[in-house]
Amino acid sequence: MKTKWKEQELTMSYHQFTLFQKGQPKPHHDWSDEDIQKGYVADDKAISFEAVSNTKAIIEVWVNETLDVSQAEKTTRLPFHVESDGIEIKSVLSETLSYDIPNGYYYVTCLTIPLQEKTNSGLYLVKYLLHFESQ
């Protein structure tokens, strides 16, 4: 199964966004200094990724597509088990985005792709591409 969803906007807050099981409450992760250095914190049910800019961002979700990482400023790849027919993505103060991804074991790669030049205020448009690859 190959799938790409339409790009959606998500307003980032507290320099993070979380990918978690569909239909579950958004979990809270306490970030250690080591997690901040890595740019993510994860548990069995969710992954929180660093957001490099606290403004609107573009979220793109792909499943089993060909991935080009050449434009990515940062790439993070982790195992993830989709348990409940999909995932949701949310930042602390944002709406929730929902994606119907089949249950299964995946590697999820988060690509951070700046779409504008970085500004002195630290606010610039960024795309986060989340790619799910079947294990």
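Things to note:
- Those residues of the range 36-59 which are outside any strand (DSSP E or B) and crowded, with 16+ Cβ neighbours inside 10 Å, in sequence order: Gly39, Ala51, Val52, Ser53, Asn54, Thr55
- Checked against (1) closer than 19 Å to His15 by Cβ; (2) part of a loop (DSSP other than H, G, I, E, B); (3) open to solvent by less than 50 Å² (accessible area, probe 1.4 Å), Leu123 passes all but condition (3).
- A single entry from Ser48, Ser32, Ser91 fulfils the requirement of being touching a strand residue (DSSP E or B) at 6+ places or on another chain (Cβ under 7 Å), farther than 19 Å from Gln135 by Cβ and either among the charged types (D, E, K, R) or free of Cβ contacts under 8 Å to residues at least 40 places away in the same chain (or both): Ser48.
- Members of the range 1-35 found to be under 20 Å from Lys127 (Cβ atoms), open to solvent by 20 Å² or more (accessible area, probe 1.4 Å) and part of a loop (DSSP other than H, G, I, E, B), listed by number: Lys2, Trp5, Lys6, Glu7, Tyr14, His15
- Scanning the range 60-77 for residues that are modelled with pLDDT of 95 or more and open to solvent by 60 Å² or more (accessible area, probe 1.4 Å) gives Thr75, Arg77.
The values are calculated or read from the model by the stated rules, or taken from the named source; none is laboratory data. Since we're looking at a predicted model, the values are computed, not measured. A quick note on method: Cβ atoms are made from the backbone with ideal geometry, for glycine too, and the neighbour counts reach across all protein chains shown. In case anyone asks, the SASA skips ligands and DNA or RNA and just uses the protein heavy atoms, side chains included. Shrake-Rupley method; radii C 1.70, N 1.55, O 1.52, S 1.80 Å.
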